[in-house]
Each structure stands twice: as structure tokens, then as C-alpha cells.
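Only the coordinates and a few stated rules stand behind these numbers; no lab work does. None of these values were measured; they are calculated from a predicted model. Backbone-built Cβ (ideal geometry, glycine too); neighbour counts: all protein chains shown.
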Amino acid sequence: MDFLTSSFLCFLLTMFLFRAFNSFRNGCKSSESKLPPGPRRLPILGNLLDLGDKPHRSLAKLAQIHGPVMSLQLGSLFTILILGSLIHYFDWKLENGISPSKLDMEENCGITVQKAIPLGVIPIVV
């Protein structure tokens, strides 16, 4: 490798480490200030290590700290997580007055499985 290439790679590595350190030190507060509270994120990995080998238990512990609505960064993807305890605060009705017996539960298969007709529900405050 010539001197110019090695200098350029050294510069890129230095810039990457500097940004990762600043991101970790500042707690990633730039455009993410509108997100719900959540655990502190690591650069690049985000909160992947917080989930552990039993994610359902880890999420329950995180919900006790940050509440039922929290944000997680899974790699480069930001996720807003709403835990199931919120379901109990509302009564639910189907959109457009559809009765449960008339629901089309057919699935479209592909890379992922999706409902042929999306299910829409409306929360009603109890």
C-alpha cells in the first residue's frame, strides 16, 4: 500500500472513531429528541445487546424503567415499541362497522406473510 492510501484509510478510521465516541458521549440527541424515552444506545449496535438471550424478559425490565412506550435502536433501525399493557386501557372496535364473523383471515404468502385485507381497529377510551 502506498503512503497516500494508508494515510486516507487512517483518516477515515480516525473520523469514524471520533464520531462514534461523540455519539456515545452525547447520547445520540440530535434528531432523535422526538422519540419516546428508551435505554442508552451504543454506536452501530444500538440496543441489540440490551435484548439478551430472552428478549421478552429484557423488554419487560426495560418497560419498568422507561414505561410501556419506548424507543429502541436495533442496528440502524429505530423502533418505537408499544407494549401490550396499553391494550387494556382501551376498548376496541373494527373499522367500518365490520362484524368479527365477516373478517377475511386469508393470507398472502411471499417473503413475509401478510393479511390479504389489512385489519383495522379503532381504540375507544374507557
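Some points to look at:
- Distance between the modelled labels on Ser7 and Leu51, one decimal in nanometres: 4.4 nm (7 Å Cα→Cβ projection).
- Using a Förster distance of 35 Å, the FRET efficiency for Ile80-Ala20 (Cβ separation, nearest 0.05): 0.90
- Per-residue Karplus couplings for region 38-46, computed as 6.51 cos²θ - 1.76 cosθ + 1.60 with θ equal to phi - 60°, are listed in order as x, x, 5, 9, 8, x, 6, 7, x Hz, Gly and Pro entered as x.
- Computed from the C-beta positions of Phe90 and Leu42, the FRET efficiency with R₀ = 22 Å rounds to 0.05.
- Under 20 Å from Lys61, Cα to Cα: aspartates and glutamates that are on another chain or at least 8 residues apart: Asp50, Asp53
- q = 0.17, 0.23 Å⁻¹: log10 I(q)/I(0) that the Debye formula gives for region 3-82, counting C-alpha atoms only: -0.71, -1.07
- Amide H to amide H, with H built 1.01 Å from N, Leu81 comes under 5 Å of Met70, Ser71, Leu72, counting only residues 5 or more places away or on other chains.
- Under 5 Å from the amide H of Leu42 lie the amide H atoms of Asn47, each residue being 5 or more positions distant or on a separate chain, with H modelled from the backbone and absent for Pro and chain starts.
- Order of His66, His56 - criterion: other Cβ atoms within 10 Å of each residue's Cβ, fewest first: His56, His66
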